[in-house]
1. Tell me the distances, shortest first, between A:Q277 and the same position across the other copies, using label points 7 Å along Cα→Cβ, in nm to one decimal.
2. Run down the lysines and flag those whose C-alpha is under 17 Å from the C-alpha of B:K155, throwing out any fewer than 8 positions away in its chain.
3. Defining a contact as two alpha carbons under 8 Å apart and six or more residues distant in sequence, what relative contact order in percent does region A:216-443 show?
4. Name the shape class, rounded, prolate or oblate, that the alpha-carbon gyration tensor gives for region B:290-442, where a ≥ b ≥ c are the square roots of its eigenvalues, rounded holds for a/c under 1.5, and otherwise prolate holds if a/b is larger than b/c and oblate otherwise.
5. For A:F8, what charge total do you get from the other residues with a beta carbon under 14 Å from its beta carbon, if Lys and Arg give +1 and Asp and Glu give -1?
6. Which order results if A:H75, B:H61 are arranged by neighbouring Cβ count within 10 Å, fewest first?
7. Looking at region A:269-323, which GluC sites (Glu not before Pro) are in a loop (DSSP not H, G, I, E or B) and have at most 15 other Cβ atoms within 10 Å?
8. Kindly identify region A:31-198 as rounded, prolate or oblate by the Cα gyration tensor criterion: order the square roots of the eigenvalues as a ≥ b ≥ c, call it rounded if a/c is under 1.5, otherwise compare a/b with b/c, prolate if a/b is larger, else oblate.
Protein chains: 2
Amino acid sequence: MTDRYLAFANSTAGRRLIGALGLPAPVPLERWMAGRTRPVDGALLLGGAGARADAVRACAHKLSNALFADREGQHDLPRWTAEHGPRLKALVFDAGELTRFEQLIALRDFFQPTLKALATCPRLLILARPPETLEAPQAACVQCALEGFSRSLAKEVRGGGGVQLLYVDAGAEDRLEGALRFFLSPKSVYISGQVLRLARCDTAVDDWSRPLAGKQALVTGAARGIGAAIAETLARDGAQVLLLDVPDTADDLAALAARFGGRSLGLDICAAEAPQQLLGALPDGVDILVHNAGVTRDKTLAKMSEAQWNQVLAVNLEAPHRLTAALLEAGTLRDNGRVVLIASVSGIAGNFGQCNYAASKAGLIGLAQAWAPALGQRGISINAVAPGFIETQMTAAMPLTVREAGRRMNAMRQGGLPQDVAEAVAWLAQPDSGAVSGQVLRVCGQSLLGA
Amino acid sequence: MTDRYLAFANSTAGRRLIGALGLPAPVPLERWMAGRTRPVDGALLLGGAGARADAVRACAHKLSNALFADREGQHDLPRWTAEHGPRLKALVFDAGELTRFEQLIALRDFFQPTLKALATCPRLLILARPPETLEAPQAACVQCALEGFSRSLAKEVRGGGGVQLLYVDAGAEDRLEGALRFFLSPKSVYISGQVLRLARCDTAVDDWSRPLAGKQALVTGAARGIGAAIAETLARDGAQVLLLDVPDTADDLAALAARFGGRSLGLDICAAEAPQQLLGALPDGVDILVHNAGVTRDKTLAKMSEAQWNQVLAVNLEAPHRLTAALLEAGTLRDNGRVVLIASVSGIAGNFGQCNYAASKAGLIGLAQAWAPALGQRGISINAVAPGFIETQMTAAMPLTVREAGRRMNAMRQGGLPQDVAEAVAWLAQPDSGAVSGQVLRVCGQSLLGA
């Protein structure tokens, strides 16, 4: 669960040796700390023009206390220059009004001068219009070109930086604040090279210090690792949390729940009576449903037993489907609910030795896609979060070479922490995140696993 | 343009040394040879049941002369067993009728016994139903799970094998033969881990020995490398080809064209008069339009000049858009035409030092997506082919370490050849390939570049 290489690489001696050998030099990533309130701890540069930039401008004073624009007088902000401006912690560029190929040069013109003036772990965000909503083919094509640009820039940006592209539907700009608070802060530090779509959403956050206040959450597989981090993060953000894990863990689970005023339930999610027990434990309904429980039984298909296949499919895919269906049918999952399925980069790209696991995780992504339209009619969103290499007991148990390869094969040259996945889940659980549904958000440091 | 390591690794001494050192051991890939007629040079095993399997069965005798099923009496074929059957060159499994999670075990049951009985460069194909067309969420989810399975199996299969997943629309089964001839033969040898959708298509191939007979094709950037291979392959399949490249190459281009009875045109596709000249050179119209011309001007964004940005965008993206628009407007691109845009894995995953190139290639993918619906009304398809690392003069000019990393970072542990891209283009150019539109087909050996 600890990355000794990362620590060594950032010691005085280690830095020298690693530089001399040309080895990967991972940067210590900043994380969100309890008690912090402002999303951007430094200067924010806003560029481009359009409805999205206007929406950013409207809430920018809540994001950072040092706001700049790249042109004189634009957005009524002081002009930033590489010569006289401070180092930049966050950049937002509205590319939504670019409709002709020759206008794409604006990307270079905006980002190039900033690249030598970035603070550590800078967060870069490109806002755009969903290509599929644009009538003119050239305009659609220009918005698509942003994907190649942002994913390339994500591979070039140094110092633990991340670059994302958000396609924002017309009319959805008024829900941007929550996405900005997430993607411009260390909460998204292990996310890079991602593309998401934001649609209109009727529900909003009242209190940004407790965006999940008044919400009841359920987290499966909550006894340790990613599940424990999710439960704790949802509680931090104001939710009442019910922690669920297998009966064996009951004592640990109860102690963990007690730490942040949650409840616990020891339950085998594959048991025949699981749905009934779960309904009984949630008499007042549930708003946030996080299916995190999962197992691995890694083997090449040539050597995989029937039991290894069946266990993984039953726990990782069949149980979340069955429990969600039961909660929906009983009306326990409330209107405007949020369902988050913990998938995996393996489910997207496939992975050697994980035919069973990758099938189950691809199936979860399919579940988000299949259910999103129907659930949307009740204001419920359903998404998958796909972790890459995360430092947990599961990855600590990997053979050394597999573990090291997994850790370094991403743009950050290190594994993520359970907290990184938890922050993504907490964001998707917010009232304003109904803007995102049927999608996959990777928390993988821009993994090289391929697809 | 030659991979010396591949040759060394397959010499007697090299095989020993590379085995001892644990280095990647690439397998020499089989390619389609002129004069060959049967797609599968060995035994074909058909498994699963449903409309797709029935369609395979109906044309299977044209694919292979050694047909088997995995169960007694199924598909009216002899039963194959690991003990008594021959080595398998091609496998097709119809997973389209799997609707419940517990049925997914059928994948393991079908593929597991075959994995130790595969011939070299085996081609594995899973046929399925498009999840988005299924009403029951569980059924949709099961079909999605196939993606994770097939991409994992693609990483496990040895000996230069490839695994693809084809989602076949109801009613599209009668156009499967062309896809089978491609995906079960060496024509697709450098394609693996891919997922495509096949829809209904009204046009069919008359003569499989010359599927493009009577068609007029245009290939840009045809003087060398991938473009030359595309031109030659389209001609092999019966098309009349107009080879286009910059005026400098006119003599070489004319000589190349003469080799297979094509015509040539020296033209700068970015020139103001290019559309008019092109229309003049195609007085009788064009059926197959291949936008292959492209340039790189690699630099990190921090050091990229305005000219480097603009050149790449102008040649790679603006010119194909402008020429296609002109051919459409003038009615020169005929009904049931085929447009193929040569994109790049960089356009999907982004690439270090290629912000300009990746933007242009992502834009081409956007072009295919944006234009597909409107063109579909005239029976025209438009798709992108995304090569990974292909052995050309362009990649030969890369610095050694970048070249070697690029070559090995895929499931095949080697670069592809121009012919591999050309075969994919030729398939998409066929009359029956109207079944595929608005999609991207990667020819990348299941690249690890990420996305």
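1. 7.6
2. Leaving aside lysines fewer than 8 places away in the same chain, those within reach of B:K155 are A:K299, A:K303, A:K361, B:K116.
3. After rounding, I find 21 percent.
4. oblate
5. Net of charged neighbours comes to +4.
6. B:H61, A:H75
7. Listed in order of number, the matching sites are A:E273.
8. rounded
No value in this document is a laboratory result; all are computed from the given coordinates. Note that the structure is a prediction, hence the values are computed from the model and not measured. A quick note on method: Cβ atoms are made from the backbone with ideal geometry, for glycine too, and the neighbour counts reach across all protein chains shown.
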